[in-house]
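Working notes, beginning with the structure itself.
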Amino acid sequence: MRRLALLALTTVVLGALAVPASGQTAEVPTFRTERAYFKCAEGPKLQNVAVLQGTIPTWNTTPPAGSFTAGNGCGFYENLANASGLNLEFKGTFTGNLDNLTVELHDIYASTGRPNHQILMRAVLTIDDEPVVESALMNFPTTASSTGISEKIAFTFTELNFDEELGDGTQVHNIHLVARGGTETQSLFVWDASEVPAGLTFNPATPEAFKIAVDRP
């Protein structure tokens with residue numbers, strides 16, 4: 001009888017250890033979604049000047065409220081002269097675990113329309129000073145606006161695997177994004193205006209159809 005009672009007590013204790021308090025499941029890494037919008041760096045509307053002087057545009061979660069017609073927004077001119085040197089780039093932070101990252105860019109045609117709705121470009125991503133990916137120079141799909149004057153380029157970095165923390169996480173990650181254009185056309189990338197809500201989506205619920213798989217270990 002004593003042996004049976006001891007066995008029953010052991011079973012109860014082990015069961016209690018296996019189930020967290022309040023009947024909740026064990027905590028695991030989770031990924032919160034956050035939408036951020038690129039912001040103009042201080043200085044001229046043409047951000048090439050700011051980048052040349054070492055002032056890199058960043059982002060925050062406040063959507064752009066004003067329109068281009070009201071004098072808002074800024075841009076970065078991309079052409080053959082700066083395609084291999086001065087690049088469109090953004091720097092900022094994200095707090096928490098990070099697995100997927102969607103990039104949304106907008107540009108205005110500065111030359112003839114895109115053939116086959118594509119733009120020749122490469123994307124470079126660095127997180128916490130770790131070079132995560134530098135894509136090959138390839139054709140990214142574009143979506144023309146209703147006016148046909150501008151276009152959107154959207155793609156998702158997948159399998160980033162910055163998931164070392166339980167729950168959403170509290171670590172602040174430093175992120176550096178560079179978009180290096182090709183040399184076949186000219187573009188004016190634009191942001192920080194209501195018509196062109198360019199920016200980032202951290203851990204999007206639905207990645208874009210065009211993906212760059214990182215598969216970071």
Practice task
Sum up the charges of everything whose Cβ sits under 9 Å from the Cβ of PHE189, counting Lys and Arg as +1 and Asp and Glu as -1, but leave PHE189 out.
Solution key: -2
Exercise for the section: Measure off 7 Å from each Cα along the Cα-to-Cβ vector at ASN48 and THR206, then give the distance between these two points in nanometres to one decimal. Expected result: 3.8 nm
Handout entry: Inter-probe distance in nm under a simple model that places probes 7 Å from Cα toward Cβ, at SER67 and THR143
Key = 2.1 nm
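First select every other residue whose beta carbon is under 15 angstrom from the beta carbon of CYS40; then total the charges, Lys and Arg +1, Asp and Glu -1.
Working: positive: LYS39, LYS45, LYS91; negative: GLU42, GLU89, ASP192, GLU195.
Spelling it out: positives minus negatives among the neighbours equals -1.
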Exercise for the section: Could you calculate the contour length gain from THR30 to ILE56, that is, 0.36 nm times the residue separation minus the distance between their Cα atoms, to one decimal place in nm? Expected result: 6.3 nm
Exercise for the section: Straight distance only, please: which lysines reach the Cα of LYS45 with their own Cα at less than 22 Å, same-chain residues fewer than 8 apart left out? Expected result: LYS91, LYS152
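Laboratory data are not the source of any read-out in this text; all were calculated from the coordinates shown. Bear in mind that the values here come from a model prediction, so they are computed numbers and not experimental data. FYI the Cβ positions are ideal-geometry reconstructions off the backbone, even for glycines, and counts take in every protein chain you see.
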